[in-house]
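Take a look at the structure below.
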């Protein structure tokens with residue numbers, strides 16, 4: 001049975017959307033676009049309304065359902081689910097786990113339900129893919145009572161990792177490290193197509209250095225800051241909006257600009273080097289979690305389109321069998337490793353919207 005599913009994917013400054021025609025054979029995209037947030041489009045709710053208007057003006061089919069990419073479902077929401085009042089209440093309770101993302105995502109859901117109250121609305125969680133991690137990877141070295149309350153490693157970018165696994169196949173990947181590198185960045189260890197470890201933790205702020213997010217910090221540093229004038233709100237602002245590449249460069253968290261400026265600005269060069277350093281360390285650690293590595297996959301905006309950054313990360317991983325072919329890498333080829341390398345290095349354009357549509361369609365059918 002054919003259905004039309006609208007996938008909504010809200011970012012910090014835009015809303016990406018894609019309308020798919022789905023059936024037993026898969027998903028066929030009918031339209032893809034992005035709505036910039038700012039000016040007349042004041043927030044994610046306005047962006048959702050603008051997306052619906054764009055689809056209507058283009059004469060495209062009205063959706064039978066909408067699927068929403070949601071960064072964090074908290075401890076309760078671990079699989080794609082139809083949105084109702086109880087689900088919205090659970091999402092509001094989970095806001096402390098992802099204060100940078102969830103409020104805007106909730107507003108987007110509310111706007112879609114207000115516009116089309118009779119449609120099925122489905123929430124698809126970035127944390128779902130990491131359900132398969134063992135407890136030794138999920139649990140922090142804190143009292144068990146906190147783990148039982150939901151204080152644990154959740155992992156993120158799951159829809160992106162899931163797409164890479166579906167696209168390449170678990171058998172083809174073998175023991176794989178997938179690096180989703182964008183303004184938000186994380187890496188995941190995958191064995192037989194299943195997540196076994198990842199860099200992000202309780203929130204999407206942890207792990208490697210990101211555009212404006214700090215990544216992992218010494219817990220003692222957080223205590224130090226609290227003792228020297230920071231409160232919860234200013235600390236949250238520091239580690240999510242004022243840190244990362246922005247803090248290291250002093251100018252921008254945009255990797256494209258940093259790469260362009262690195263030859264004339266030592267601080268930009270340092271920020272690029274630091275990003276590669278932390279990603280490289282994470283790959284080594286995740287390879288240890290897997291007991292070796294057969295495939296390294298780069299995805300996300302930086303992973304897909306920044307050959308200089310990929311090469312900087314790969315240098316120093318030769319002991320893991322990572323050997324990048326410079327010409328293939330410069331061309332953003334699908335395989336950028338040298339022929340015969342023990343570790344195959346791939347570049348995959350991710351498609352989170354397709355995974356949202358796939359989960360939404362499956363839930364409708366089920």
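At 0.36 nm per residue, minus the direct Cα-Cα distance, what do residue 140 and residue 118 gain on full extension? Give it in nm, one decimal, please.
My answer for the length gained is 3.7 nm.
Here the extension length gained between residue 267 and residue 1 equals 90.2 nm, from 0.36 nm per residue of separation less the Cα-Cα distance. The base-10 log of I(q)/I(0) for the chain, evaluated at q = 0.06, 0.07, 0.11, 0.12 Å⁻¹, reads -0.22, -0.30, -0.77, -0.93 [Debye formula, identical scatterers on Cα atoms, solvent excluded].
Here the ratio of the Cα radius of gyration of region 59-116 to 2.2 N^0.38 Å is 1.17.
Where a ≥ b ≥ c are the square roots of the eigenvalues of the C-alpha gyration tensor, would you call region 289-366 rounded, which needs a/c under 1.5, or, failing that, prolate if a/b is larger than b/c, or oblate?
Because a/c hits 1.5 or more and a/b exceeds b/c, region 289-366 counts as prolate.
Multiply the residue gap between residue 217 and residue 36 by 0.36 nm, knock off their C-alpha separation, and tell me the result in nm, one decimal place.
Fully extending the segment from residue 217 to residue 36 adds 62.0 nm.
Site pair residue 332 and residue 28 shows an inter-label distance of 2.7 nm when each label is modelled 7 Å from Cα along Cα→Cβ. With the helix formula -39500 (n - 2.57) applied to DSSP H stretches of n ≥ 4, the chain reaches a computed 222 nm mean residue ellipticity of -12000 deg cm²/dmol.
Relative contact order for region 3-125: 28 percent, from Cα pairs under 8 Å spaced at least 6 residues apart, divided by residue count. Sorted on the mean count of surrounding Cβ atoms within 10 Å across their residues, most packed first, peptides 130-137, 280-287 read 280-287, 130-137. Computed on the Cα trace of region 25-76, the radius of gyration divided by the Kirkwood hydrodynamic radius gives Rg/Rh = 1.03.
Every Cα-Cα pair in region 228-366 was counted, and those over 18 Å apart are 65% of them.
Where in region 332-366 is the amide nitrogen less than 13 Å from a point lying 7 Å along the Cα-to-Cβ axis of residue 60? Counting only backbone N, you get 353-354, 357. The overall shape of region 3-125 is oblate: from the C-alpha gyration tensor, with semi-axes ordered a ≥ b ≥ c, the ratio a/c is 1.5 or greater and a/b is no larger than b/c. Among 141-148, 202-209, 261-268, the peptide with the highest mean count of other Cβ atoms within 10 Å heads the list, and the full ranking is 202-209, 261-268, 141-148.
No value in this document is a laboratory result; all are computed from the given coordinates. Remember, predicted model here, so these are calculated numbers, not experimental data. Cβ: placed from backbone, ideal geometry, glycine included. Neighbour counts: every protein chain shown.
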